[in-house]
Amino acid sequence: MTYDYIIIGGGIVGMSTAWQLQQRFPEKKVLLLEKESVYSKHQTGHNSGVIHAGVYYAPGSLKAKFCKAGVAATIEFCQQNDVPYDQCGKLLVATNVLELERMHALFERCQQNDINVELLDGEQLKVREPNIVGVGGLLVKDTAIVNYQQVTTKMAERFIDMGGDARLNHKVVGLNETKDEITVDAIHNAEKVTFKGKFLITCSGLMADRTTKMLGIPTDFQIIPFRGEYYQLPAKYNQIVNHLIYPIPDPELPFLGVHLTRMIDGTVTVGPNAVQGWKREGYGRINISLRDIWDMVTFVGFWRVLKSHIKTGIVETKNSLWKPGYLKLVQKYCPQLKVEDLQPYPAGIRAQAVMKDGSLVHDFLFAESPRSLHVCNAPSPAATSAIPIGAYICDKILERTA
Ligand SMILES: Cc1cc2nc3c(=O)[nH]c(=O)nc-3n(C[C@H](O)[C@H](O)[C@H](O)COP(=O)(O)OP(=O)(O)OC[C@H]3O[C@@H](n4cnc5c(N)ncnc54)[C@H](O)[C@@H]3O)c2cc1C
């Protein structure tokens, strides 16, 4: 049998695409291949669970556009599919004059991006968050929390109910494209299985560069893994904050800074930081993959990015290895927390596309061949934005295959 569409990757981006493709074209045969035994085992299942409102993103970027549409779409999806969510809002807290300046710049950006925000002074901040200290805050009312693994699983159910074919434990190891079709080789239970399709979409997250290269498409980026390490607070602190509490980010850095996140299960996490990863899919304390390291050190962009972010890299690594350093980042706005309050919690790993010139790719990045479309960079908040991204991919495919 020849499938109309084959999708690689059962994270939220791949599953949202599969579900929406099947919904738009009920008569087409759609196949999704995922190498793990569950959906969303990687980035989608190891994140902060925040439905971001879109405060930070450059006006006009795909990130800004997808995020704005993504908040409404994700909440609507949760309501229609009985997935629990909580629109608890978020507070960005300024703790000094420089951060106040940056906070006002973010306020301006929110106006440009049409995001509903309110500026708070120190007193108003205290009323809303008695356990948080700061000289001002930016309240983002639309921000919410959810479990993205639950969202992906619901999308999978809907995809399969409509006749979609989703296969777990299928690791794609080879791709070939001819004028008429795409051939996909996968390993399942140690055996090779081959699928044929008319069009291929890859949404393979931390492996995005490798699956794109399997088709021989020339690329000048590589995925560099950045670990995001979290801690969890003891249950006695489950009510310590009413909103999600974020620092004011440094505009030079792509990550948001260590935040206090209320999770949908009622617990509170602290994190994530951003440290160099030495294994793309390693979640323990010590994770090393010789293949992943080799790919990094033989890529010129890795050395360039290392050189330009060396100072931040050293500080982040120190704080990763030394808990009191990590704690200081949170104590800045939540002074009552102590080292013993930081309890172990699984890390997440970000797939960061880096170009040969050493620049970090901040927006979505796609690559194409006549019969394929590859999502090469789906940066945070791609979980929030997964429904509009899926819709965008469907539109692109329609243009290409019409
Ligand atoms: C620490 C951290 C915190 C974050 N916090 C947030 C947040 O609060 N809110 C938000 O909106 N976003 C957040 N993000 C970003 C968000 O989680 C990701 O952008 C999003 O999950 C990306 O989804 P994906 O489907 O592209 O990738 P993934 O979830 O990584 O899925 C890719 C899938 O492809 C599969 N795959 C790869 N290669 C193959 C192969 N050869 N064959 C078959 N299958 C393959 C993998 O097994 C995987 O399941 C965070 C990310 C991290 C890491």
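The values are calculated or read from the model by the stated rules, or taken from the named source; none is laboratory data. All of these numbers come straight from a predicted model, not from anything done at the bench. Note that each Cβ is placed from the backbone with ideal geometry, even for glycine, and that neighbours are counted across all protein chains shown. To get the accessible areas, we keep the full protein, side chains included, count just its heavy atoms, and leave off ligands, DNA and RNA. Shrake-Rupley method; radii C 1.70, N 1.55, O 1.52, S 1.80 Å.
Looking at this structure, is Glu177 acidic (Asp, Glu) and in contact with a helix residue (DSSP H, G or I) (Cβ under 9 Å, 6 or more places away or on another chain)?
Answer is no for this residue.
When the stretch 230-258 is examined, which residues are found to be among the polar types (S, T, N, Q) and either in a strand (DSSP E or B) or within 19 Å of Thr44 (Cβ to Cβ) (or both)?
Hit for the stretch 230-258 is Gln232, nothing else.
State which residue is nearest to Phe255 (Cα to Cα) when the search covers only the stretch 303-338 and only residues that are assigned to a helix (DSSP H, G or I) and of a type in the set (D, E, K, R). Before you say what the answer is, go through the steps one by one.
Just the residues of the stretch 303-338 that are assigned to a helix (DSSP H, G or I), to begin with: 303-308, 310-321, 323-331.
Now narrow it down to the ones that are of a type in the set (D, E, K, R): 304, 307, 311, 316, 318, 323, 328.
Working: Arg304: 18, Lys307: 18, Lys311: 15, Glu316: 12, Lys318: 17, Lys323: 20, Lys328: 18 Å.
The selected residue is Glu316.
Give me a count of the residues in the stretch 335-357 that are under 21 Å from the mean Cα position of the chain (by Cα) and charged (D, E, K, R).
Looking only at that region, the number is 1.
Give all pairs with beta carbons closer than 8 Å in which a residue from the stretch 339-362 that is more than 11 Å from the ligand (Cβ to nearest atom) meets a residue that is open to solvent by 30 Å² or more (accessible area, probe 1.4 Å) and small (Gly, Ala, Ser); count only pairs at least 6 apart in sequence or on separate chains.
Gly358/Ser308; His362/Ala58
Here are some conditions: (1) in contact with a strand residue (DSSP E or B) (Cβ under 6 Å, 6 or more places away or on another chain); (2) assigned to a loop (DSSP other than H, G, I, E, B). Cys110 meets all but one. Which one does it not meet?
Failing condition for Cys110: (2).
Specify the residue that is nearest to Asp86 (Cα to Cα); the eligible residues are those in the stretch 52-68 that are away from the ligand (no atom under 13 Å from the Cβ) and over 15 Å from the mean Cα position of the chain (by Cα).
Lys65
Going through the stretch 143-192 one residue at a time, which ones are under 19 Å from Ile6 (Cα atoms), among the aliphatic types (A, V, I, L, M) and open to solvent by 10 Å² or more (accessible area, probe 1.4 Å)?
Ile160, Met162, Ala166, Leu168, Val172, Val173, Leu175, Ile187
Yes or no: Gly49 at pLDDT 95 or above and within 9 Å of the ligand (Cβ to nearest atom)?
Criteria met by Gly49.
Is it the case that the stretch 40-52 has a residue that's open to solvent by less than 10 Å² (accessible area, probe 1.4 Å), in contact (Cβ under 8 Å) with a residue 60 or more places away in the chain, under 30 Å from Leu175 (Cβ atoms) and not charged (D, E, K, R)?
Within the stretch 40-52, one or more residues are open to solvent by less than 10 Å² (accessible area, probe 1.4 Å), in contact (Cβ under 8 Å) with a residue 60 or more places away in the chain, under 30 Å from Leu175 (Cβ atoms) and not charged (D, E, K, R).
Could you run through the stretch 70-83 and say how many residues are open to solvent by 70 Å² or more (accessible area, probe 1.4 Å) and at negative phi?
3
If you take the residues in the stretch 196-229 that are in a strand (DSSP E or B) and open to solvent by 20 Å² or more (accessible area, probe 1.4 Å), which one is farthest from the ligand (Cβ to nearest atom)?
Within the stretch 196-229, the match that is farthest from the ligand (Cβ to nearest atom) is Lys198.
Of (1) part of a strand (DSSP E or B); (2) free of Cβ contacts under 8 Å to residues at least 40 places away in the same chain; (3) within 13 Å of the ligand (Cβ to nearest atom), Thr183 satisfies all except one. Which?
Checking Thr183 against (1) part of a strand (DSSP E or B); (2) free of Cβ contacts under 8 Å to residues at least 40 places away in the same chain; (3) within 13 Å of the ligand (Cβ to nearest atom), the one that fails is (3).
Check whether at least one residue in the stretch 369-377 is open to solvent by less than 70 Å² (accessible area, probe 1.4 Å), under 28 Å from Ser40 (Cα atoms), in a strand (DSSP E or B) and modelled with pLDDT under 95, and report yes or no.
No - not one qualifying residue is present in the stretch 369-377.
For the condition touching a Pro at 6+ places or on another chain (Cβ under 8 Å), open to solvent by less than 90 Å² (accessible area, probe 1.4 Å), over 17 Å from Val275 (Cβ atoms) and of a type in the set (S, T, N, Q), what is the one hit in Gln352, Gln343, Gln331?
Going through Gln352, Gln343, Gln331 in turn, the sole match is Gln343.
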